[in-house]
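Report on the structure given below.
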Amino acid sequence: MSYKNFPMVSKVVFGRGSFNQLGDILSPKRLNVKAPFIYIVDDVFQGNSWLTSRIPLSYDDKIYYISANEEPKTSQVDELVEEIILTYKALPSGIIGIGGGTIMDLAKAISIMLTNEGESKEYQGWDLVKKPAIYHVGIPTISGTGAEVSRTTILTGPHRKLGINSDFTPFDQVVLDPELTKDVPKDQWFYTGMDCYVHCIESLNGTYLNSFSQSYGEKALELCKEIFLEDTLSKDESNDKLMMASWHGGMSIAYSQVGVAHAMSYGLGYLLGVKHGVGNCIVFEHLEEYYPEGVAMYKVMREKHNITIPKGICSNLSDKEFDIMIDVALSLEPLWENALGKHWKKTITRDKLKELYLKM
Ligand code: NAD
Ligand code: ZN
């Protein structure tokens, strides 16, 4: 038996206002005055001086404001990498992603593609990256995905939605400042928070579970219950805890895998552009067969917070479109194997997936 030996985020700072330390954190990492720090920032913060005035800019440092309306694409990564290479005389000193999973994944992918040849679609998969990435920093502004701690960056390419999973993907530095999440809209708070909850349920109920994953998954689940089911926390406390739940949920799947909800949600994301958080919710509503307790608790949380989940999104799809979603979902074999064991193909047929998709 050979065990996976995987890297973790090398440095992390946690605390309200820790974002103010960014300048001190970055300055020793500046390679020279020609090698800028490039900030990839969610455009929801454009014009928001509360945040942007604290981004430490000097020399040729630059902020790229990027919309998170669509999830990251391989073509988008390749365009940004080309622009950076053409604009600067030297490779950047670092790439800093400030935003949710969309922006953090973009930052990770750009830092990898600045040092690796070819197009990013060639690296979608497991352990295909050859050279270390540029120094990269993740600063979440919404909690739940675990992208701040994970070994992957999920990209939609021409043929599939799949991560660049590699030892060079994790951030070198993460800044966890829960204050940055204070203005997240309620629905989005729930959707992205449920991504974390679903990570816990899929990891804790998976066949890949070991004590490493379990210890992180149980902690994250305990925090999710406190945040989404109880009324004892102030908003600040709740945001602090959700940031740590996200971290633990991400750590839990590092050594295991996600499961049925993620496999099916990737299908919705690829075909219909449904975003990850809400996509997981849409799917999870109908998975009581696989996760009875997890789905029941999810429904209590959804009702308690009065959240509406889109319905009927698959009702007008053609057979060809169902086939595309089913192909994407079925291609994620490790997810199904984790969820249902080695013989998953006996129960997960194309008809079964179509029946489930039709309910959504
Ligand atoms: P997101 O990054 O798309 O952000 C959701 C919305 O919230 C956006 O409209 C964004 O502008 C807004 N937002 C973010 N911070 C805000 C703030 N502080 N105030 C107000 N609005 C704010 O969503 P997400 O759920 O964080 O990330 C989803 C992405 O993460 C998907 O692309 C998914 O594939 C990826 N993901 C990656 C991993 C990983 O391990 N790499 C894991 C799970 C999901
Ligand atoms: Zn997820």
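The values are calculated or read from the model by the stated rules, or taken from the named source; none is laboratory data. As the structure is a computational prediction, the values presented were derived from the model and not from experiment. FYI the Cβ positions are ideal-geometry reconstructions off the backbone, even for glycines, and counts take in every protein chain you see.
For the structure I just gave you, tell me whether Val13 is outside any helix (DSSP H, G or I) and either under 22 Å from the mean Cα position of the chain (by Cα) or free of Cβ contacts under 8 Å to residues at least 24 places away in the same chain (or both). Walk me through it before giving the result.
Working: outside any helix (DSSP H, G or I): yes; either under 22 Å from the mean Cα position of the chain (by Cα) or free of Cβ contacts under 8 Å to residues at least 24 places away in the same chain (or both): yes.
Against the criterion (outside any helix (DSSP H, G or I) and either under 22 Å from the mean Cα position of the chain (by Cα) or free of Cβ contacts under 8 Å to residues at least 24 places away in the same chain (or both)), Val13 qualifies.
Residues in the range 94-109: is at least one surrounded by fewer than 18 Cβ atoms within 10 Å (Cβ to Cβ), of a type in the set (Val, Ile, Thr) and in the same structural domain as Tyr135 (by TED's automatic domain parsing)? Among the residues of the range 94-109, not one is surrounded by fewer than 18 Cβ atoms within 10 Å (Cβ to Cβ), of a type in the set (Val, Ile, Thr) and in the same structural domain as Tyr135 (by TED's automatic domain parsing), which makes the answer no.
Looking at this structure, is Ser256 buried (at least 17 other Cβ atoms within 10 Å of the Cβ) and without any contact (Cβ under 8 Å) to a residue 60 or more places away in the chain? Judged against the criteria, Ser256 is not a match.
Scan Thr102, Thr87 and give me the residue that is within 16 Å of ligand 2 (Cβ to nearest atom), of a type in the set (Val, Ile, Thr) and farther than 18 Å from Phe19 by Cα. Full working, then the answer.
Numbers: Thr87 fails: within 16 Å of ligand 2 (Cβ to nearest atom).
Within the list Thr102, Thr87, the selection yields Thr102.
Filter the range 302-331 for residues that are within 18 Å of Phe284 (Cβ to Cβ), of a type in the set (Lys, Arg) and surrounded by fewer than 18 Cβ atoms within 10 Å (Cβ to Cβ) and give the result. Of everything in the range 302-331, those that are within 18 Å of Phe284 (Cβ to Cβ), of a type in the set (Lys, Arg) and surrounded by fewer than 18 Cβ atoms within 10 Å (Cβ to Cβ) turn out to be Lys304, Lys311.
Restricting to the range 225-261, count the residues that are part of a helix (DSSP H, G or I), among the polar types (S, T, N, Q) and farther than 22 Å from Glu179 by Cβ. So that I can check it myself, show each step before the final result.
At the first step, the residues of the range 225-261 found to be part of a helix (DSSP H, G or I) are 225-229, 235-255, 260-261.
So of that shortlist, the ones also among the polar types (S, T, N, Q) come out as 238-239, 246, 252.
Restricting the remaining residues to those that are farther than 22 Å from Glu179 by Cβ gives 252.
Total meeting the criteria: 1.
Could you tell me whether any residue of the range 192-208 is within 19 Å of the chain's Cα centre (by Cα), free of Cβ contacts under 8 Å to residues at least 40 places away in the same chain and either assigned by TED's automatic domain parsing to the domain that holds His248 or within 16 Å of ligand 2 (Cβ to nearest atom) (or both)? No: the range 192-208 contains no residue that is within 19 Å of the chain's Cα centre (by Cα), free of Cβ contacts under 8 Å to residues at least 40 places away in the same chain and either assigned by TED's automatic domain parsing to the domain that holds His248 or within 16 Å of ligand 2 (Cβ to nearest atom) (or both). Please specify each residue of the range 332-350 satisfying the condition of being surrounded by fewer than 17 Cβ atoms within 10 Å (Cβ to Cβ) and closer than 19 Å to Tyr270 by Cα. Once the filter is applied, which keeps residues that are surrounded by fewer than 17 Cβ atoms within 10 Å (Cβ to Cβ) and closer than 19 Å to Tyr270 by Cα, the range 332-350 yields Glu333, Pro334, Arg350.
Answer yes or no: is there a residue in the range 229-241 that is under 21 Å from Glu321 (Cβ atoms), more than 13 Å from ligand 1 (Cβ to nearest atom) and not assigned by TED's automatic domain parsing to the domain that holds Arg151. The answer is no, given that none of the residues of the range 229-241 is under 21 Å from Glu321 (Cβ atoms), more than 13 Å from ligand 1 (Cβ to nearest atom) and not assigned by TED's automatic domain parsing to the domain that holds Arg151.
Do we find a residue being surrounded by 24 or more Cβ atoms within 10 Å (Cβ to Cβ), within 10 Å of ligand 1 (Cβ to nearest atom), at pLDDT 95 or above and not in a strand (DSSP E or B) anywhere in the range 119-141? Checked against the condition, which is being surrounded by 24 or more Cβ atoms within 10 Å (Cβ to Cβ), within 10 Å of ligand 1 (Cβ to nearest atom), at pLDDT 95 or above and not in a strand (DSSP E or B), the range 119-141 yields at least one hit.
Of all the residues that make up the range 297-339, how many are β-branched (Val, Ile, Thr) and assigned to a helix (DSSP H, G or I)? If you could, list the steps in order and put the result at the bottom.
We begin by selecting, within the range 297-339, every residue β-branched (Val, Ile, Thr); these are 300, 307-309, 313, 324, 326, 328.
If we keep only those that are assigned to a helix (DSSP H, G or I) as well, we get 300, 324, 326, 328.
Qualifying residue count, the range 297-339: 4.
Test Thr192 against the stated conditions and say whether it is outside any helix (DSSP H, G or I) and out of contact with any Cys (no Cβ under 6 Å at 6 or more places or on another chain).
Details: outside any helix (DSSP H, G or I): no; out of contact with any Cys (no Cβ under 6 Å at 6 or more places or on another chain): yes.
Criteria not met by Thr192.
Pairing residues of the range 172-184 that are hydroxyl-bearing (Ser, Thr, Tyr) with residues that are part of a strand (DSSP E or B), at Cβ distances under 9 Å and at least 6 apart in sequence or on separate chains, gives Thr181/Pro140.
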